[in-house]
Amino acid sequence: MLTFLGYGIVITFMIVIMAKKMSAMTSLILIPVVFAAIGGFGLKDIGKFCKAGIGSVAPTAAMLLFAIMFFGLMINAGLFDPLVNWAIKKTKGDPVRILVATAILAAVISLDGDGTTTTMICCTALVPIYKKLDLKLLYLATIIILQNSIMNLLPWGGPTARVMSALKLDGGEILRPLVPGMIIAAIYVVGVAYILGRKERKRLGHKFVDETAIAEIAAASQAELSEEDAALKRPKLIWVNLILTLLVVFLLVEGTLPAVVIFEIGTALALIINYKSLKLQRELIENHAGSAIQVIIMVLAAGIFMGILTGSGMAEAIALSMTKLIPEGLAARFPLITAIISIPGTFLLSNDAFYYGVLPILAETGAAYGFTSLQIGVASVMGQAFHLLSPLVAFIYLLLQLTEVDMGEWQRFSAKWAIGVFVIFVGAAVATGAFPL
């Protein structure tokens, strides 16, 4: 019964989202509540599940609030204006060059293993360029998520760290067999960016933007600024703001302080450094809080979704059902089966639920068939090519908010390119002997 209800929640959610019958927020809240009620859970139990789920995502929601405010203040101050103008000039407005540069930038920034940081930095720098040149923001959202799903396999990223913990593996031990696939997959995403750039070049009807057009774009950008926006620019403080931003990013990667603390301190310093007026500080906080509230609502709604799925036992039931799907005759290909199971496993479940709940069972089964924990561990991260498309991943709501892209459309479009990442992951692992086919 719990298995049926768990699959019912996820499948119903995906159907209504892709069919655009309900918004993501209302779906995340109402669908699990309805299925929990159908399963016989009372209001007290449902409330307990929801509270636990909201509590689990509250730190993420707080971090996103201050991250949005911090980078919003940097935009107000004009920190990224030179980068935008330089990028347009160097790429000559050519969609192919811009999208390829997007793929490279997303890969580099994703090295810190944090999707929120990657999203904030990439979108802050690139969304203005895409809008100025009328490029599809769907392509931006897709390229960012593909590259982040690859770099997320680094040992300090979420899934690999959980595999190391669950199976008692060393970071270097599991990283070595993953590196070839990660490199090839990252190059593949650059190729995807090139293909999408060619499509945009054809759609926009030009190959390159000449110097005159570039100047016109820059002039138009300045003309679009209101007097209030222009007054917020702080060109004389650009180096101070750059140092502050680099320090924030360094501390995020270094990992000593919690991300929410880093962004809170960064936001406070950004306000004091750039805007002395208390009235202006209050107005800016109110403006950016308005932008952040949509993201925070989605994250808290996802907390209810995860809370009911986990607290009710549905997540555990889904996990057990996955391990029972393996036919005994396919024992010789168990690592490949594990890789395939990791697709729905990491999409339908949180990384914690899959790697701490399902992976140990898969590892024990694999050991009975003669496979090592390392082989099963490597196979279990192959599905990460699709994990970041899951509604259970909090930062994707930030990505969708910043790029103004519909969730269902983004999932459908990104999934077809994610197939290539998965195939590369598996192919490279088999070719290097990480696990047998």
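Measuring only protein heavy atoms, the 1.4 Å probe finds residue 23 accessible over about 60 Å². Scan the chain and hand back the longest stretch that contains none of the trypsin sites (Lys or Arg not before Pro) lying in DSSP loops with at most 14 other Cβ atoms within 10 Å. With a cap of 14 other Cβ atoms within 10 Å, the longest stretch comes to 22-167.
Surface exposure of region 281-410, expressed per residue as accessible area with a 1.4 Å probe, stands at 35 Å². Only helices reaching 30 angstrom along their own axis (Cα) with mean Kyte-Doolittle hydropathy no lower than 0.0 count here, and for the DSSP H runs of the chain these are 43-77, 171-204, 278-311, 407-431. Taking other residues whose beta carbon is less than 15 angstrom from the beta carbon of residue 168, and scoring Lys, Arg as +1 and Asp, Glu as -1, yields -2. Here the contact order of region 1-113, divided by its residue count and restricted to Cα pairs under 8 Å and six or more residues apart, works out to 15 percent. Compared with the direct C-alpha span, the chain from residue 416 to residue 204 gains 73.9 nm at full extension, assuming 0.36 nm per residue.
Only Cα pairs under 8 Å and 6+ residues apart enter the sum, and on that basis the relative contact order of region 72-198 stands at 33 percent. If contacts are Cα pairs under 8 angstrom and at least 6 residues apart, what is the relative contact order of the chain in percent? Across the chain, relative contact order equals 29 percent.
Heavy-atom surface analysis with a 1.4 Å probe gives region 1-41 a carbon and sulfur content of 78 percent of its accessible area.
Report summary: the helix-based calculation at 222 nm, which adds -39500 (n - 2.57) for every DSSP H run with n ≥ 4 and divides by the residues of the chain, gives -25500 deg cm²/dmol. The solvent-accessible area of residue 187, taken with every protein chain present and a 1.4 Å probe, is close to 110 Å².
Placing one equal scatterer on every Cα of the chain and applying the Debye formula, the log10 ratio I(q)/I(0) at q = 0.08, 0.14 Å⁻¹ is -0.48, -1.35.
To the nearest 10, the accessible area of residue 283 is 80 Å² with a 1.4 Å probe.
Pairs to check: 131/199; 21/416; 92/131; 136/199; 89/132. Give those whose C-alpha atoms are more than 18 Å from each other in this structure. Too far apart for the 18 Å limit: 21/416.
The values are calculated or read from the model by the stated rules, or taken from the named source; none is laboratory data. Here the structure is a predicted model, which is why all the values come from computation and not from measurement. Positions of Cβ are backbone-derived with ideal geometry, glycine not excepted, and every protein chain shown enters the neighbour counts. To get the accessible areas, we keep the full protein, side chains included, count just its heavy atoms, and leave off ligands, DNA and RNA. Shrake-Rupley method; radii C 1.70, N 1.55, O 1.52, S 1.80 Å.
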